[in-house]
Amino acid sequence: MQLSDYESSVFINCPFDKQYENLFEAVLFTIFMCGFKPRCALEHDDAGQQRIEKINSIIYECKYGFHDISRTELDPENKLPRFNMPLELGLFLGCKRFANGRSKDKICMIFDSDKYRYQKFISDIAGQDIKKHENNPHNIIKGLRKIFATNNHDMKIIGATKIIESFEKFHESKPEIIANLELDADDLVYVDSVAVIQQWLKINL
């Protein structure tokens with residue numbers, strides 16, 4: 001079954017810092033392994049476009065939205081929480097609710113470190129199916145794979161066990177691939193991370 005660009009696109013809303021790097025890689029890797037296409041605000045660097053406009057545009061172009069709302073602790077420097085993830089979740093839900101046409105079919109995937117923790121800081125999303133990952137990339141892989149398989153009965157979605165095994169092998173090969181692509185391991189940007197994963201998949205699948 002051939003999916004359209006819209007049907008195969010997944011908007012990623014999560015932290016983009018070093019502490020989240022392994023979980024972010026698990027998200028990207030699983031999306032590719034399941035036959036879908038990741039999209040996020042990091043894919044373009046356009047100083048002429050406001051970030052919120054870029055995010056709204058990507059959300060509109062994606063059927064799926066991966067939202068990790070686990071990062072709610074206070075920033076050590078500013079002593080304030082980060083609101084980007086709840087804001088982008090709200091934009092996605094608003095597009096699903098109020099936009100016309102295909103946006104009505106959007107599928108929202110919400111993850112947190114604990115299944116019921118959201119009740120303490122964003123209780124208005126009660127009724128959504130919040131999946132817990134416990135900061136374990138294997139749990140993200142299992143949760144994402146289940147959602148893709150459940151919503152695409154006509155597609156053959158590879159099993160979670162195989163994806164996890166492949167993800168671990170990818171990590172072992174990652175330094176070599178980075179070197180072969182002549183990238184700087186300490187300064188990878190989003191497009192580099194995508195290229196490294198795609199190169200591993202090209203060689204091994």
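The values are calculated or read from the model by the stated rules, or taken from the named source; none is laboratory data. On a predicted model such as this, the values are computed, not experimentally measured, just so you know. Reconstructed Cβ throughout: ideal geometry from the backbone, glycine too, with neighbour counts over all protein chains shown. Heavy atoms of the whole protein, side chains included, go into the accessibility calculation; ligands, DNA and RNA do not. Shrake-Rupley method; radii C 1.70, N 1.55, O 1.52, S 1.80 Å.
In table form, for the structure just shown:
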| item | result |
| --- | --- |
| Solvent-accessible area of residue 181 with every protein chain in place, 1.4 Å probe, in Å² to the nearest 10 | 60 |
| Within segment 1-152: Cβ-based charge dipole about Cα centre, in debye rounded to nearest 20 (Lys, Arg +1; Asp, Glu -1) | 580 |
| Spin-label pair residue 126/residue 45, simplified geometry with 7 Å Cα→Cβ offset, distance in nm | 4.5 |
| Solvent exposure of the chain as accessible area per residue, Å², 1.4 Å probe | 55 |
| Relative contact order computed over segment 98-205 (Cα-Cα under 8 Å; 6+ residues apart), in percent | 16 |
| GNM flexibility winner over the chain from 103, 193, 123 (Cα, springs under 10 Å) | 123 |
| Residue (of 111, 101, 127) at the positive-pole extreme of segment 87-134, dipole from beta-carbon charges | 101 |
| Cα-based Kirkwood hydrodynamic radius, the chain, one decimal, Å | 17.8 |
| Net lengthening on full extension, residue 155/residue 53 (0.36 nm per residue, minus Cα-Cα) | 33.5 nm |
| Cα convex hull volume per residue for segment 86-126 (Å³) | 71 |
| Potential lengthening between residue 181 and residue 136 on full extension [0.36 nm per residue; Cα-Cα distance subtracted] | 13.4 nm |
| Sulfur and carbon atoms: percent of accessible area, the chain [1.4 Å] | 48 |
